[in-house]
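The values are calculated or read from the model by the stated rules, or taken from the named source; none is laboratory data. Everything numeric in this text was worked out from a predicted model, so none of it was measured. Glycine also receives a Cβ, built like all others from the backbone with ideal geometry; neighbour counts cover every protein chain displayed. The area values use the complete protein model at the heavy-atom level, side chains included, leaving out ligands, DNA and RNA. Shrake-Rupley method; radii C 1.70, N 1.55, O 1.52, S 1.80 Å.
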Amino acid sequence: KYIPIASCDEVWHAIRDMNVRGAPAIAIAAALALAVELDARRETFTSAVEVDEFTRERFDHVYTSRPTAVNLGEARTRIQAISRALKDGDVSSAIEGVISGCEKMMEEDVASCKAIGAHGAEALLRA
């Protein structure tokens with residue numbers, strides 16, 4: 001079942017209600033929700049500092065949905081660090097940098113899952 005998520009509030013509920021399960025999936029869902037919300041609100045920001053404040057506030061909020069999820073905490077730290085590093089630049093670069101960071105997390109997770117699958121397949125073929 002797919003649940004459309006367009007905001008950090010929506011992903012908060014999806015995580016809290018256990019519609020998203022598994023530490024890596026929770027972290028990726030949170031990051032992508034932030035990216036979607038940030039993109040939808042891009043015209044409302046007047047400075048990269050505002051983008052940083054928004055990123056921090058929204059990810060801190062999502063974190064409260066499952067504060068024991070290690071990957072969620074790591075994702076929050078990682079994305080907030082990207083945002084903080086970009087806060088002295090221009091708005092567009094800050095937004096694109098955060099969104100890119102969120103997308104990169106997903107790409108890394110997909111690559112990790114494929115590597116695990118390949119390793120498992122090789123082990124099964126040897127057995």
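The set of residues in the range 35-47 that are among the polar types (S, T, N, Q) and either surrounded by fewer than 14 Cβ atoms within 10 Å (Cβ to Cβ) or within 15 Å of Arg76 (Cα to Cα) (or both) comprises Thr44, Thr46. Of all residues in the range 26-47, those satisfying the criterion of being of a type in the set (A, V, I, L, M, F, W, C) and touching a residue at least 40 places away in the same chain (Cβ under 8 Å) are Ile26, Ala27, Ile28, Ala30, Ala31, Leu32, Leu34, Ala35, Leu38, Phe45. Reported count of residues in the range 59-100, each being within 17 Å of Ala25 (Cβ to Cβ) and not aliphatic (A, V, I, L, M), is 11.
Residues that are among the basic types (Lys, Arg) and within 21 Å of His13 (Cα to Cα) do occur in the range 68-84. Quick check on the range 10-34: of everything there that is under 13 Å from the mean Cα position of the chain (by Cα) and open to solvent by 40 Å² or more (accessible area, probe 1.4 Å), which residue is nearest to Pro67 (Cα to Cα)? Out of the qualifying residues, it is Trp12.
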